[in-house]
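Below is one structure; the comments refer to it alone.
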Amino acid sequence: MPQPKTSQTQSTGFTTKGITFCNWNDISEPGVYVDTEYPRCFRVTSDALVPNGSPTIHGTSFTVAKISSDPMLVKSRIQHICAENNLPVPD
């Protein structure tokens, strides 16, 4: 059986099947990120990435999967992408 296509990203993460995995503290681009262990998602806007501008993009270290570059992706699409990629599906 062929292995999924993976590639290294410029951060410490990796990409497989169009999903980028990284550490929560390494998020550097806006988008929708899903916790890989718990059914929760995070909408990260460009405003949240301004240095010292948001207290939410640092702290506890855990792995997230970037499923979209659009932070305003509709909830049903987020759930569909998560289900297709065996990620926890947020409520």
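The values are calculated or read from the model by the stated rules, or taken from the named source; none is laboratory data. Quick caveat, the model's predicted, so the values are computed rather than measured. Heads up, the Cβs are rebuilt from the backbone with ideal geometry, glycines too, and the neighbour counts pull from every protein chain shown.
Miscellaneous remarks
- Identity of the residue in region 62-91, in a loop (DSSP other than H, G, I, E, B) and either in contact with a helix residue (DSSP H, G or I) (Cβ under 6 Å, 6 or more places away or on another chain) or basic (Lys, Arg) (or both), that ends up surrounded by the most Cβ atoms within 10 Å (Cβ to Cβ): 89
- Of all residues in region 25-49 being small (Gly, Ala, Ser) and in a helix (DSSP H, G or I), the one that is surrounded by the most Cβ atoms within 10 Å (Cβ to Cβ): 48
- Selection from region 14-57 of residues that are touching a Ser or Thr at 6+ places or on another chain (Cβ under 9 Å) and among the charged types (D, E, K, R): 17, 26, 29, 35, 37, 47
- Pairs where the first residue, in region 63-80, is under 14 Å from residue 27 (Cα atoms) and the second is surrounded by fewer than 17 Cβ atoms within 10 Å (Cβ to Cβ) and of a type in the set (Ser, Thr, Tyr), C-beta under 6 Å, 6+ apart: 63/36; 65/36; 71/45
- Applying a threshold of 8 Å to beta carbon distances and a minimum spacing of six or more residues, or different chains, the list of pairs starting in region 50-62 at a residue that is on the phi < 0 side of the Ramachandran plot and modelled with pLDDT of 80 or more and ending at one that is of a type in the set (Val, Ile, Thr) and surrounded by 10 or more Cβ atoms within 10 Å (Cβ to Cβ) reads 62/36.
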